[in-house]
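Just so you know, all these numbers are worked out from the coordinates, no wet-lab data involved. For clarity, every value in this text was computed on a predicted model and none was experimentally measured. Positions of Cβ are backbone-derived with ideal geometry, glycine not excepted, and every protein chain shown enters the neighbour counts.
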Amino acid sequence: MRFVTVSGPPSSGKTAVIIKTLEHLQKAGQKVGVVKFDCLFTDDDELFRKNGIIVRKGLAGALCPDHYFVSNVEECVQWGLQEGLDVLVSESAGLCNRCSPHIREVLALCVIDNLSGIGTPKKIGPMLKAADVVVITKGDIVSQAEREVFAARVHMVNTKARLLHVNGITGQGSFELSTLWTEAEDTATVEGKKLRFSMPAALCSYCLGETRIGSDYQMGNVRKIDLDLPTGFKTDGAPGASE
Amino acid sequence: MSQNLESLTVETVFSRWPFAQQHLAEAGLADIADKPEATLSELLDAGQLEILGNFISVMEDFLGTKDEKVHEVTILGGRAKDGSDEPVRELTVSVGDVVCIVGPTGSGKSRLLADIEWVARGDTPTGRHVRVNGEVPGDKWRFSSEHKLVAQLSQNMNFVMDLSVEEFLNLHAESRQVGDPEEKIKRIWNWANELAGEPFALDTPVTSLSGGQSRALMIADTAVLSASPVVLIDEIENAGIDRQQALDILIREEKIVLMATHDPILALMGDKRVIIKSGAMQKVIEPSEKEKANLTELRAMDEKLMGLRHRLRMGERLDEI
Ligand SMILES: Nc1nc2c(ncn2[C@@H]2O[C@H](COP(=O)(O)OP(=O)(O)O)[C@@H](O)[C@H]2O)c(=O)[nH]1
Ligand SMILES: [Mg+2]
Ligand SMILES: [Zn+2]
Ligand SMILES: [Zn+2]
């Protein structure tokens, strides 16, 4: 089974691109499936199902969806094998812009759109930097100049990736992308494989459910922003907060 | 190299090889820059031409830009939707050509354009092959940000960046790392103003340009600054833009122009017309003398319609037309 991890900012066109690309593989008689990761809600699964794609979804709830993804990815691969899939795709929205679901030796795709602004490639970090293939969408609504500038910015962040333009609505470019998926490595397990980029240390009290604000309630991995406050200034209302 | 050089104008040489200007200045030939329209053969003797030719060769090797200039793209026929051989076996489009692609929706126009963009090697559903300058092209045309074979201009495209015209063009020039960005920006701006008919300032925000101005700026910018040798146009709307001049600008900047259009005026402006049906190129025809003669009448009809549109806008009735 070939396995592809797809990441990208929310609404960049991941679902649209996956559906259009899988269509070509379906036409060639392949059995395709998707595991969709999100935080609280998604109805992408309905869209996939409507297009004849077998789908499972995982909602991370209180966890970072990428952390949740890594904790579950081996199970997903085993599910895909059990369903007899030829191609399994995972979709996850990089919400914290710090995590990246990409795994070594597994084809890694990042979807990013022309409308997101030229600062975005720099901002979204590992999910773009660690990708093998970068797909740029929504080229149909911006000018040629903006497409070229945006592609150049993407290239500056990830010089090695293969860069493709795909239109998520008409499917232009999706056949070309599907040929890269066909070449992906055969994956029987991801057990023991490594993430391309380590997940951030998320071990503060808020990770554990704290809701109150103030240094008294902050434990573990806490870092303060440097605002040049006068010494002795209490960084919050809690008594004795300043060090 | 020197054989090609002598027929080129000074302007073309300087824009294609920005470093040539300094080289000539150092050789005591700075004043040829004053005659941008003249060809090199009028200004340089054989010895000077040869030295310049060698210098350009060496610089291109050094910069890694050698042979990147696309002169022609060839499409080798594949198969139609039913699997039969595509009737047109070979079509070559060269710099300066304007080629129209016509056929009903679903006939395979998009796939043909996609085959060109993807520089097909028999690995697309049509089985077509595409050659660049007569050679089988490498992967760089498929995946790099710098080498996209096809630039696109379409009616749905808008500027979305929050920048002035000048900032916007600067940004594009910078990302392309072109020589003499100021001159190029000036040229784009002048052309866009000519095309649009309603002038705009360099400090106008791109998002507040009118429809005609936006289209004009997109065309001039693509002509001068786009990395892609082929420009694909799907219709150029009539409103407020000189379409013949738009094509002339693209040709002057040595683009290969493809138009997916059913607008009779645009179609007759083309040098060639490719007819697509059932997923295959059926025929390539050239406009007949009769068709060309009709162009005058079509333009008159077009102007008449524009006039009526204008009167409607001004609140007039169209009782008399
Ligand atoms: N105009 C345009 N819209 C697109 C394109 N790709 C996706 N969209 C639209 O963008 C929206 C978000 O797409 P979706 O696939 O749900 O994004 P996701 O959140 O990354 O999965 C949808 O309305 C799509 O129809 C594209 O290439 N062009
Ligand atoms: Mg989605
Ligand atoms: Zn995260
Ligand atoms: Zn935390």
Which of the chymotrypsin sites (Phe, Trp or Tyr not before Pro) across the stretch B:23-119 are loop residues per DSSP, with 11 or fewer other Cβ within 10 Å?
-> none
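Given axes a ≥ b ≥ c from the Cα gyration tensor, I'd like to know whether the stretch B:10-63 is rounded (a/c under 1.5), prolate (a/b larger than b/c) or oblate. Present the calculation step by step, with values, prior to reporting the outcome.
Working: a/c = 1.66, a/b = 1.36, b/c = 1.22.
Taking the square roots of the gyration eigenvalues as a ≥ b ≥ c, the stretch B:10-63 is prolate.
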Among A:A152, A:A130, A:A28, the residue with the largest mean-square fluctuation in a Gaussian network model of chain A built from Cα contacts under 10 Å is A:A28
Using only alpha carbon pairs under 8 Å that are at least six residues apart, calculate the relative contact order of chain A and give it in whole percent.
-> 24
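Using the reciprocal of the averaged 1/r over all distinct C-alpha pairs, how large is the Kirkwood radius of the protein assembly as shown in Å? Provide the component values of the computation, followed by the final result.
Numbers: mean 1/r = 0.0371 Å⁻¹.
26.9 Å is the Kirkwood radius here.
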Can you give the charge dipole size of the protein assembly as shown about its Cα centre, rounded to the nearest 20 debye, using +1 on the beta carbon of Lys and Arg and -1 on the beta carbon of Asp and Glu?
-> 1900
Rotationally averaged projected area of the stretch A:2-181 (alpha carbon convex hull; nm²) = 9.3
Residues with beta-carbon under 10 Å from that of B:I75, excluding B:I75: net charge, scoring Lys, Arg +1 and Asp, Glu -1?
-> 0
Once amide H atoms are built 1.01 Å from N in the peptide plane, which residues 5 or more positions from B:Q152, or in another chain, come under 5 Å H to H?
-> B:L232
Set B:K35/B:K186; A:K193/B:K140; B:K140/B:K283 screened for pairs whose C-alpha atoms are more than 20 Å apart | A:K193/B:K140; B:K140/B:K283
To the nearest 10 degrees, how steep is helix A:144-157 against the longest Cα principal axis of chain A, on a 0 to 90 scale?
-> 60
Measure out, as a whole number of angstrom, how far apart the alpha-carbon centroids of the stretch B:129-200 and the stretch B:76-128 sit.
-> 25
Report, in whole Å, the centroid distance computed from the Cα atoms of the stretch B:16-54 and the stretch A:30-101.
-> 61
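Let me have the 222 nm mean residue ellipticity of the protein assembly as shown computed from DSSP H runs of 4+ only, each contributing -39500 (n - 2.57), with the sum over all residues rounded to the nearest 500. Kindly include the intermediate steps, with their values, before the conclusion.
On the way: 20 runs with 208 residues, N = 564.
For the protein assembly as shown, the value works out to -11000 deg cm²/dmol.
Compute the Cα gyration tensor for chain B, then decide on rounded, prolate or oblate, letting a ≥ b ≥ c be the square roots of its eigenvalues: rounded whenever a/c is under 1.5, prolate when a/b is larger than b/c in the other cases, and oblate in all that remain.
On the way: a/c = 1.76, a/b = 1.17, b/c = 1.50.
Oblate shape, in that a/c is at least 1.5 and b/c is the bigger or equal ratio.
Could you pull out every whole DSSP H run in chain B that spans at least 20 Å of Cα extent along its own axis and averages -1.0 or higher on the Kyte-Doolittle scale? Walk me through the numbers on the way to the answer.
Details: long enough: B:46-63 (25 Å, 0.82); B:181-196 (22 Å, -1.05); B:211-225 (21 Å, 0.65); B:289-313 (37 Å, -1.14).
Long hydrophobic helices here: B:46-63, B:211-225.
What GluC sites (Glu not before Pro) in the stretch A:148-193 are in a loop by DSSP, with at most 14 other Cβ atoms within 10 Å of the Cβ?
On the way: sites: A:E148, A:E176, A:E183, A:E185, A:E191; in loops: A:E183, A:E185, A:E191.
Loop-located and lightly packed - A:E183, A:E185, A:E191.
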What lysines could a cross-link reach from A:K224, if we take a straight Cα to Cα line under 30 Å and drop same-chain neighbours fewer than 8 places away?
-> A:K122, A:K123, A:K129, A:K234
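Excluding the sites themselves, what is the longest stretch of chain B that contains no GluC sites (Glu not before Pro) in a DSSP loop with at most 15 other C-beta atoms within 10 Å?
On the way: sites that count: B:E37, B:E68, B:E235, B:E237, B:E316, B:E320.
That gives B:69-234 as the longest site-free run.
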So which residue, out of B:L91, B:L308, B:L258, gets the largest mean-square fluctuation from a GNM of chain B using Cα contacts under 10 Å as springs?
-> B:L308
Could you name the lysines whose alpha carbon sits less than 20 Å from that of B:K277, not counting residues in the same chain fewer than 8 places away?
-> B:K81, B:K109
For chain B, modelled as a Gaussian network with Cα springs under 10 Å, which listed residue fluctuates most, B:R121, B:R131, B:R309?
-> B:R309
Among B:W118, B:P137, B:G106 - extreme Cα towards positive end, dipole of the stretch B:100-147, charges at beta-carbon | B:G106
Of the beta bridges DSSP finds with both residues in chain A, what % are antiparallel, to the nearest 5?
-> 10
